Amino acid sequence: MSASHANGTKKRPRFTAPILVNSAEVEVMRALRRQGRISRTEISNITGWSKAKASQEIRNLVDKGYLVEFGEGVSQGGRKTRLLRINNQLGYIAGIDIGATSLDIALADVTGLILQRRAEPTDVHLSAETVFGRCSELLLELIQAQGAIPAQILGIGVGVPGPVNFARGVLVAPPLMPEWENFLIRDFFKKTFQSAFVVVDNDVNIMALGEQRYGDGTGVDHFIFVKIGTGIGAGIISNGKIHRGSDGSAGDIGHICVDKEGPLCACGNKGCLEAIAAGPAIASKAMEAARNGSSPALSQIRESKGGVIRPEDVNAACREGDQAALNIIRDSGQMIGDVLASLVNFFNPSHIFIGGGIANFGNHLLVAIRRAVLHRSLPLATTHLSIKFSRMGSNVGVVGAISLALDYLFAIEDNPHLLV
């Protein structure tokens, strides 16, 4: 997430966050972000401050309207203490998760509680203006349904399917939609939502953040979130933080070569994992099985659907006991697992979470992935390794986008590019 100066030095990207706090207040806000609700005594214990200093900083935040008191904590032998939480009336946060074939938009308060949500199909082969324009329309509808106005949107987190230069907030050479490259996503949303800051990231990175904040990745310092859908990508959590790499392209595992003589990928190379094992490749192999007669079930599906087979049709045929469909799913799982085995040897994660539309294929896919990883990884690297589907399902991306925006809700007054 760093940008380079002409002289080669690094700086953190600057975002215009709407809520400024001093460095002491940051400690309080961080504690509340982690725990949701907390007492003055607990803040004093966490920060190491005296009770007087903790009370002063809390009083400042309450006076500014950033915190509110509510309810009572458990008595420790004396009077029950009042609990504090972030004021959920400050404004709203929007999360936008754009996939290759769908978009999911949610409106949340500043605690991350989702208040309104919409999802619908899309197509990233449409122009960026069309897709992001529809996102703005849907967000305005959610705002109206909430009885709010656009000026109350404090931040917008956006996930997009392609490599993102995080500092600039733009896509760089996205294979699925090359015409979106360098589209100014932040500026586009600022036209309608002038009060909001906008932060943009790769769609799998926001899924990793969603898993970390609300899923089974909570408290896990080293894990990989793998999305298998129209494309294949990975979000990497290292030492508890998202790892984006020097230019924002870390985790783009879909373009690792698994067969030099394989089919042409959208990126221009041959034999990429994505071109052989992702959703479109699964559908293509199923079409071939339907044509050559090796799968009666897939042939029947093809005829009943006007000559089209979708990835979910392959899963349906597999559930009916079709051997060709089962082989297609297992082959994809094995190739994905072979690539993940290299990542396990290199990165040594404790968990791998799998999501995306193809994750709905169930145990046949998961078993094939696990078998390949265990076969090709070093024993020490897999001793405590957990590989499983994300239990968050389709929620993981949009809540990750909200979490990303919440990470930039508060900025330090005397150094506003250093964020909470």
Item to complete: May I ask you to compute the full-extension gain from Thr41 to Ser195, defined as 0.36 nm times their residue separation minus their alpha-carbon distance, rounded to one decimal in nm?
Response: 52.0 nm
Worksheet item: How large is the Kirkwood hydrodynamic radius of the range 239-357, in angstrom, based on all distinct alpha carbon pairs?
Response: 15.8
Item to complete: Roll a 1.4 angstrom probe over the protein heavy atoms and tell me the percent of accessible area of the chain that is carbon or sulfur.
Response: 49
Worksheet item: Check His351: other-chain or 5+ apart residues with amide H under 5 Å from its amide H, H built from backbone geometry?
Response: Ile224, Ser386
Response to the item:
Simple SL model, points at 7 angstrom along Cα→Cβ for Gln152 and Ser55; separation in nm is 3.5
Practice prompt. At 0.36 nm per residue, minus the direct Cα-Cα distance, what do Glu120 and Ile256 gain on full extension? Give it in nm, one decimal, please.
Written response: 45.9 nm
Practice prompt. Could you calculate the FRET efficiency of Gln300 with Leu113 from 1/(1 + (r/R0)^6), where r is the beta carbon distance between them and R0 is 56 Å, rounded to 0.05?
Written response: 0.75
Worksheet, complete the sentence: Once the in-chain neighbours fewer than 8 apart are removed, the aspartates and glutamates whose Cα is under 17 Å from Lys270 read Asp252, Asp259, Glu261
Worksheet item: Protein chains only, probe 1.4 Å: how do Arg291, Arg33 rank by accessible area, largest first?
Response: Arg291, Arg33
Item to complete: Just grab the label-to-label distance for Leu20 and Gln144, each label 7 Å out from Cα along the Cβ direction, in nm (one decimal).
Response: 3.5
Worksheet entry | the chain - share of DSSP beta bridges that are antiparallel (%, nearest 5) | 60
Worksheet item: What accessible area per residue, rounded to a whole number of Å², is obtained for the range 229-335 using a probe radius of 1.4 Å?
Response: 49
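Among the listed pairs Lys305/Lys388; Lys227/Lys388; Lys241/Lys388; Lys285/Lys305; Lys227/Lys285, which are separated by more than 24 Å between their Cα atoms?
Lys305/Lys388
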Worksheet entry | R0 of 51 Å, Cβ-Cβ distance Ser238-Arg134: FRET efficiency to nearest 0.05 | 0.90
Discussion item. Please compute the alpha carbon radius of gyration of the range 142-240, then divide it by the globular-protein estimate 2.2 N^0.38 Å. Two decimals is fine.
Written reply: 1.22
Discussion item. Per-residue counts of other Cβ atoms within 10 Å, averaged by peptide: what ranking do you get for 306-315, 281-290, highest first?
Written reply: 281-290, 306-315
Practice prompt. Grab the beta carbon distance between Phe346 and Asp247, set R0 = 22 Å, and tell me the FRET efficiency rounded to 0.05.
Written response: 0.75
Worksheet entry | Among Gly271, Ala289, His243 the positive-end extreme of the charge dipole of the range 238-305 (Cβ point charges) | Ala289
Worksheet entry | Å² per residue, accessible surface of the range 131-177 at 1.4 Å | 30
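From the C-alpha gyration tensor of the chain, pull out the three semi-axes of the equivalent ellipsoid (sqrt of 5λ each), sorted largest to smallest, in whole Å.
Over the Cα atoms of the chain, the ellipsoid semi-axes are 42, 24, 21 Å.
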Discussion item. Could you tell me the extents of the range 272-420's C-alpha atoms along the three principal axes, largest first, rounded to whole Å?
Written reply: 69, 40, 26
Fill in: Within a Gaussian network of the chain (alpha carbon springs, distance under 10 Å), most fluctuating of Leu126, Leu139, Leu67
Leu126
Item to complete: Could you pull out every one of the aspartates and glutamates with an alpha carbon less than 13 Å from that of Lys51, ignoring same-chain neighbours closer than 8 positions?
Response: Glu42
Practice prompt. Just read off the accessible area of His351 with the full protein assembly in place, 1.4 Å probe, to the nearest 10 Å².
Written response: 50
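The values are calculated or read from the model by the stated rules, or taken from the named source; none is laboratory data. As the structure is a prediction and not an experimental result, all values here were calculated from the model. Reconstructed Cβ throughout: ideal geometry from the backbone, glycine too, with neighbour counts over all protein chains shown. Surface accessibility is based on the protein's heavy atoms, side chains included, excluding ligands, DNA and RNA. Shrake-Rupley method; radii C 1.70, N 1.55, O 1.52, S 1.80 Å.
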